[in-house]
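Novice: My structure is below; once you've seen it, I'll send some questions.
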Amino acid sequence: MASAISHAVAALGLGTIFARPLIPKRVWIIGAVCSILPDFDVIGFRFGIRYGDFWGHRGFTHSMVFAAILATFIAFAGFIPRTLGIGRMALWIYFFVVTASHGFLDAMTNGGLGVAFFSPFDNTRYFLPWRPIVVSPISVTRFFSDRGVAVLQSELLWIWIPAGLLAILMFVLKNVLKRSEETR
């Protein structure tokens, strides 16, 4: 898996696509939480759930169906759109994309069993053809080691920098669009 920190960074970068003035910080925070939430499946190890099982790590909680369910619950049960300056459908898309991004980032790592993108319909685990991200250890103690440093270096290159570039691009694009509207 990519580290929880980098999943949140990716969510914040993706959030710049949906950013509008005066969107409360809670939307950004919830987006970051949505991007991390699929990894809560690791608690299954303590209950005897095996990695490759339906509820195992990178199983159902990493699927597109889970991303849609979570996005639906949060966008339609957790917010009142008039107070946000963004519609429910845009919120749903944002929460879906950041939750789904988790599986895609994990499918770009060089370890694990792959991601069950199509669960519950198909529990087959998939990787993307391009896997440049060093897989993060599940153990917190192993993360704070030389291996964790290698993971963060890899994630800096393949997640943090692209997320930052996306944020800069969206900032520039929105300013250009704003200026062109002002000159009309």
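Novice: Give the residues of the range 110-155 that are aromatic (F, W, Y), at pLDDT below 90 and surrounded by 13 or more Cβ atoms within 10 Å (Cβ to Cβ), sorted by residue number.
Specialist: Pass one, the range 110-155, residues aromatic (F, W, Y): 117-118, 121, 126-127, 130, 143-144.
Checking which are at pLDDT below 90 leaves us with 143-144.
Result: F143, single match.
Novice: Which members of the range 84-109 meet the condition of being in a loop (DSSP other than H, G, I, E, B) and under 14 Å from the mean Cα position of the chain (by Cα)? Steps first, please.
Specialist: Here is the first cut: in the range 84-109, the residues in a loop (DSSP other than H, G, I, E, B) are 84-87, 107-108.
If the condition is that a residue be in a loop (DSSP other than H, G, I, E, B) and under 14 Å from the mean Cα position of the chain (by Cα), then A107, M108 are the ones that fit.
Novice: Would the range 68-82 turn up any residue that is within 12 Å of the chain's Cα centre (by Cα) and either closer than 22 Å to V151 by Cβ or of a type outside the set (A, V, I, L, M) (or both)?
Specialist: Checked the range 68-82: no residue is within 12 Å of the chain's Cα centre (by Cα) and either closer than 22 Å to V151 by Cβ or of a type outside the set (A, V, I, L, M) (or both).
Novice: Does the range 11-28 contain at least one residue that is of a type in the set (F, W, Y), modelled with pLDDT under 95, surrounded by 16 or more Cβ atoms within 10 Å (Cβ to Cβ) and at negative phi? First the steps, then the outcome.
Specialist: As a first pass, look at the range 11-28 and keep what is of a type in the set (F, W, Y): 18, 28.
Those still in the list that are modelled with pLDDT under 95 too: 18, 28.
Subset that is surrounded by 16 or more Cβ atoms within 10 Å (Cβ to Cβ): 18, 28.
Filter once more, so that each one left must be at negative phi: 18, 28.
Checking the range 11-28: at least one residue is of a type in the set (F, W, Y), modelled with pLDDT under 95, surrounded by 16 or more Cβ atoms within 10 Å (Cβ to Cβ) and at negative phi.
Novice: Go through the range 1-53 and count every residue that is hydroxyl-bearing (S, T, Y) and within 10 Å of the chain's Cα centre (by Cα). Break it down stepwise before answering.
Specialist: Step one: list which residues in the range 1-53 are hydroxyl-bearing (S, T, Y), which gives 3, 6, 16, 35, 51.
Now narrow it down to the ones that are within 10 Å of the chain's Cα centre (by Cα): 6, 35.
Count: 2.
The values are calculated or read from the model by the stated rules, or taken from the named source; none is laboratory data. Quick caveat, the model's predicted, so the values are computed rather than measured. A quick note on method: Cβ atoms are made from the backbone with ideal geometry, for glycine too, and the neighbour counts reach across all protein chains shown.
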